[in-house]
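The values are calculated or read from the model by the stated rules, or taken from the named source; none is laboratory data. Note that the structure is a prediction, hence the values are computed from the model and not measured. Virtual Cβ from ideal backbone geometry, glycine too; neighbours counted across all protein chains shown. Accessible surface areas use protein heavy atoms only, side chains included; no ligands, DNA or RNA. Shrake-Rupley method; radii C 1.70, N 1.55, O 1.52, S 1.80 Å.
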Amino acid sequence: MTGVERIADAFANTGKQAALMPYLMGGYPTLAASIGIGQACVTAGADIIELGMPYSDPLADGPVIHAAGTEALAAGANVAGVLEVARTLAQSVPVVLMCYANMVLAPGAEAFVERLAKTGASGLIVPDLPLGEAPEVLAACTAHGLALVPLVAPTTTPERLAAIGKSAKGFVYTVSVVGTTGERNALGEHFAQVVARAKASTELPVALGFGISTPEHARQAAQAGADGVIVGTRLVRAAGESEDPAGAVGAVVGELATGLAIAR
Amino acid sequence: MNVVEHRFGPYGGQFVPETLMRALAELEQAWVKAREDPSYREELEGLLRDFGGRPTPLYKARRLSEKAGRPIYLKREDLNHTGSHKLNNALGQALLARRMGKRRIIAETGAGQHGVATATVCALLDMECVVYMGTEDTRRQRPNVQRMELLGASVKPVDAGAKTLKEATSAAIRDWVTNVESTHYVIGSVVGPAPYPAIVRDLQRVIGDEARAQILEVQGRLPERVIACVGGGSNAIGTFAAFLEDEQVQLIGVEAGGEGIDTPRHGAPLTVGGRVGILHGSRSAVMQDEEGQILQAHSVSAGLDYPGAGPQHAQLRDSGRARYVAVTDLEAIAAFKEMARLEGIIPALETAHALAWTLAQVDGGLDLVCLSGRGDKDLAEVLKPTPDK
């Protein structure tokens, strides 16, 4: 099964209102601990794992994920280490790597994607690689059966959305708010509209992220038609606040999974 | 082909979150309209003249020329209102933002010169102004923090990473991602995603256009060399732009050599010629490690303390049209002091890099140096006792 097929399979068989997609920062608080956190997510009901590659200048991230990345780098995280996390977790669930453009392009898109594919990961998200800059990475991902997952924002114009929807692989990642990653009290006022617009642009599943932190948010996203919900900052915060990061993250993911359960 | 350049050979582009793409397209459209609009141009030129004090003089530095044995002319951007070339760009962009209906302005600043220029223009045009500045820079450029606050701007200290210009720029971009609908980001140099490098160059080109006409008037010939310091590279590109077609004129960009370009402690990505990378939305020469993590730059001059450089500079370097060299912290400080005593002009530490390189040359017939800013802000840094000695 290719990465693209594996992601499709995960969305088709969640058994929940929407696929649950926890984000974790690779190497945070340490490489070994991040493997444990990922495994706890899987046990608690994660359908797909989004794995962050720590980066020196993460422009799309708010303070919590930025700080976690900085700490991971200070603790020695590097590409090889984070790809080991991917390899381990990919044995259980599809893993999508979130990595900034300079790290993908530094060794060359083809070399980076080939290395990622060898870990068994299923896809790649590059938050600072809009469609116009993506052809090289897209070609490399296609050649290796990986999904290059694009982002769609509330500010994305209809023309761009149509083009993004057409070239997307795996799923479309909709951003619920105009802003960076981070917890918010409520979902952005236009989140349902963003999901609906994205769904009209593509046949692929549509996931919603940025600002989802509670089971109630997750349910609202699913009810608005999202096929997947991505929870990041809430989990990174849980990992940072606890002596037992895997246990703490697993507990939050468990609550989110319960929130997304289909009523019987 | 875009009406505004997005790429400079393999450099440039738009490596930003999707959230910003519409704003970049709107900015480009607004710029294309504004630059063709006589009312925009008249207002900008009028303010540059009456508020800013343009045209700035081209001054033959008498004692420097005597010492060097050849005429050295200084393009006096230090005499521009707010004390540097930064006002040219800040005015142009703020007027553009007002046309776009945006009343909130954000900016990044290193040395504080761009922050002061932006705060000044926001006071003039009654706009809200937020300036991001690394905490290392708020410390070493304290007078400029006070000036910005006096002008009504809110200075947001940035405590991440090396606490200098790179982090301030990242923080400004994050603010823009969050407030893009109400806010215009006045980027201060020829860096960032397209269309910024082209817009900032076009707004700074007034330096070169004036200087070229002035030198022809007083000397009846073009300079042999045009020299300017390069952090992101806005005063340099603004000066070079007018001379690009004059193939006999050598263009020299002087980067921050810091503690030496054979050490990791410098800010000279163009000179050392490392791998191409992406920083703050565009592809250019970038100081980075093997895996693509951006490295921390170092320079005694906050305005040059930046691990990247404008994409057009990378193209000019590759084509051989411009040459890039580096000057160390100590050489720049020596030139700073020499300039004060020989000419009665205290240059910015950034500018002192361009002067240091020029003073070190024994050959040449006619040099034109962009004196990009004044150095009052640097007194504390230059005069502080060195703890090691």
Practice problem: Under 7 Å between Cβ atoms, at least 6 apart or on separate chains: pull out the pairs that start in region B:159-188 with a residue that is under 16 Å from B:Leu96 (Cβ atoms) and end on any residue that is part of a loop (DSSP other than H, G, I, E, B). | Solution: B:Val180/A:Thr155; B:Val180/A:Val178; B:Ser182/B:Lys102; B:Thr183/B:Lys102; B:His184/B:Met100; B:His184/B:Lys102
Quiz item: Looking at A:Gly179, A:Gly165, A:Gly188, which is the one that is assigned to a loop (DSSP other than H, G, I, E, B), within 14 Å of another protein chain (Cβ to nearest Cβ) and within 30 Å of B:Ser284 (Cα to Cα)?
Solution: A:Gly179
Quiz prompt | Count of region B:4-23 residues which are surrounded by fewer than 20 Cβ atoms within 10 Å (Cβ to Cβ) and part of a helix (DSSP H, G or I) | solution = 1
Quiz item: Of (1) outside any helix (DSSP H, G or I); (2) farther than 30 Å from B:Phe336 by Cβ; (3) within 14 Å of another protein chain (Cβ to nearest Cβ), B:Glu108 satisfies all except one. Which?
Solution: (2)
Quiz prompt | Residues located in region B:301-350, provided they are at pLDDT 95 or above, charged (D, E, K, R) and either open to solvent by less than 10 Å² (accessible area, probe 1.4 Å) or closer than 26 Å to B:Glu108 by Cβ (or both) | solution = B:Arg317, B:Asp329, B:Glu350
Exercise. Give me the pairs, please: first residue somewhere in region B:113-127 and closer than 13 Å to B:Leu47 by Cβ, second residue anywhere and modelled with pLDDT of 95 or more and hydroxyl-bearing (Ser, Thr, Tyr), beta-carbon distance under 8 Å, and either six or more positions apart or on two chains.
Key: B:Ala117/B:Thr82; B:Ala117/B:Ser84; B:Thr120/B:Thr82
Quiz item: Can you name the residue in region A:124-134 that is within 13 Å of chain B (Cβ to nearest Cβ) and of a type outside the set (Gly, Ala, Ser) and, of all such residues, is farthest from B:Pro193 (Cα to Cα)?
Solution: A:Ile125
Practice problem: Test A:Glu71 against the criterion of being within 16 Å of A:Leu124 (Cβ to Cβ), at pLDDT 95 or above and out of contact with any helix residue (DSSP H, G or I) (no Cβ under 7 Å at 6 or more places or on another chain), and give yes or no. | Solution: no
Exercise. Would you be able to say whether some residue in region A:93-116 is out of contact with any Lys or Arg (no Cβ under 8 Å at 6 or more places or on another chain), on the phi < 0 side of the Ramachandran plot, surrounded by fewer than 22 Cβ atoms within 10 Å (Cβ to Cβ) and among the polar types (S, T, N, Q)?
Key: no
Practice problem: Quickly run through region B:137-160 and pick out the residues that are buried (at least 18 other Cβ atoms within 10 Å of the Cβ) and more than 18 Å from B:Gly375 (Cα to Cα). | Solution: B:Leu151, B:Ala153, B:Val155, B:Val158, B:Ala160
Exercise. State all residues of region A:176-221 that are touching a helix residue (DSSP H, G or I) at 6+ places or on another chain (Cβ under 6 Å) and acidic (Asp, Glu); if no residue qualifies, say none.
Key: A:Glu183
Self-check item: Which numbered condition A:Tyr173 misses (of (1) in a loop (DSSP other than H, G, I, E, B); (2) closer than 21 Å to A:Asn13 by Cβ; (3) within 13 Å of chain B (Cβ to nearest Cβ))
Solution: (1)
Self-check item: Entirely in region B:164-275, the helices (runs of 4 or more DSSP H) that have 1 or more residues that are within 14 Å of chain A (Cβ to nearest Cβ), hydroxyl-bearing (Ser, Thr, Tyr) and open to solvent by 10 Å² or more (accessible area, probe 1.4 Å)
Solution: B:165-179
Exercise. For region B:33-62, name all the residues that are over 17 Å from B:Arg205 (Cβ atoms) and in a strand (DSSP E or B).
Key: B:Tyr59, B:Lys60
Quiz prompt | Pairs where the first residue, in region B:226-254, is aromatic (Phe, Trp, Tyr) and the second is open to solvent by less than 10 Å² (accessible area, probe 1.4 Å), C-beta under 7 Å, 6+ apart | solution = B:Phe240/B:Gly208; B:Phe240/B:Val226; B:Phe240/B:Leu251; B:Phe240/B:Ala322; B:Phe243/B:Gly208; B:Phe243/B:Val226; B:Phe243/B:Val249; B:Phe243/B:Leu251
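When you look at B:Lys67, is it at pLDDT below 95 and either in a helix (DSSP H, G or I) or not polar (S, T, N, Q) (or both), yes or no?
Yes; evaluated as a whole, the condition is true for this residue.
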Quiz prompt | Residue under evaluation A:Gly165, criteria (1) in contact with a helix residue (DSSP H, G or I) (Cβ under 9 Å, 6 or more places away or on another chain); (2) surrounded by 23 or more Cβ atoms within 10 Å (Cβ to Cβ), criterion not met | solution = (2)
Self-check item: Residue list for region A:89-123, filter: away from every other protein chain (no Cβ under 14 Å) and either of a type in the set (Lys, Arg) or in a strand (DSSP E or B) (or both)
Solution: A:Val95, A:Val96, A:Lys118, A:Gly123
Quiz item: For region A:135-157, which residues satisfy the criterion of being within 14 Å of chain B (Cβ to nearest Cβ), touching a residue at least 12 places away in the same chain (Cβ under 8 Å) and open to solvent by 10 Å² or more (accessible area, probe 1.4 Å)?
Solution: A:Glu136, A:Leu148, A:Pro150, A:Leu151, A:Pro154
Practice problem: Could you give me the residue pairs with C-beta distances under 6 Å whose first residue belongs to region A:60-85 and is more than 11 Å from chain B (Cβ to nearest Cβ) and open to solvent by 50 Å² or more (accessible area, probe 1.4 Å), whose second residue is assigned to a helix (DSSP H, G or I) and β-branched (Val, Ile, Thr) wherever it lies, and which are 6+ apart or on separate chains? | Solution: A:Val64/A:Thr233; A:Val64/A:Val236
Practice problem: Please determine, by comparing only the residues of region B:1-53 that are acidic (Asp, Glu) and free of Cβ contacts under 8 Å to residues at least 12 places away in the same chain, which one is farthest from the other protein chains (Cβ to nearest Cβ). | Solution: B:Asp50
Exercise. Among the residues of region A:2-45, write down those that are open to solvent by less than 20 Å² (accessible area, probe 1.4 Å) and among the aromatic types (Phe, Trp, Tyr).
Key: A:Tyr23
Quiz prompt | Within region B:288-310, considering residues that are within 11 Å of chain A (Cβ to nearest Cβ) and touching a residue at least 12 places away in the same chain (Cβ under 8 Å), the one farthest from the chain's Cα centre (by Cα) | solution = B:Gly292
Exercise. Within region A:198-256, track down each residue that is farther than 23 Å from A:Tyr28 by Cβ, part of a helix (DSSP H, G or I) and open to solvent by less than 10 Å² (accessible area, probe 1.4 Å).
Key: A:Ala198, A:Ala221
Quiz item: Would it be correct to say that A:Asp57 is within 11 Å of another protein chain (Cβ to nearest Cβ), in contact with an Asp or Glu (Cβ under 9 Å, 6 or more places away or on another chain), touching a residue at least 24 places away in the same chain (Cβ under 8 Å) and not in a helix (DSSP H, G or I)?
Solution: yes
Quiz item: Does A:Gly45 meet the test of being within 14 Å of chain B (Cβ to nearest Cβ) and on the phi > 0 side of the Ramachandran plot?
Solution: no
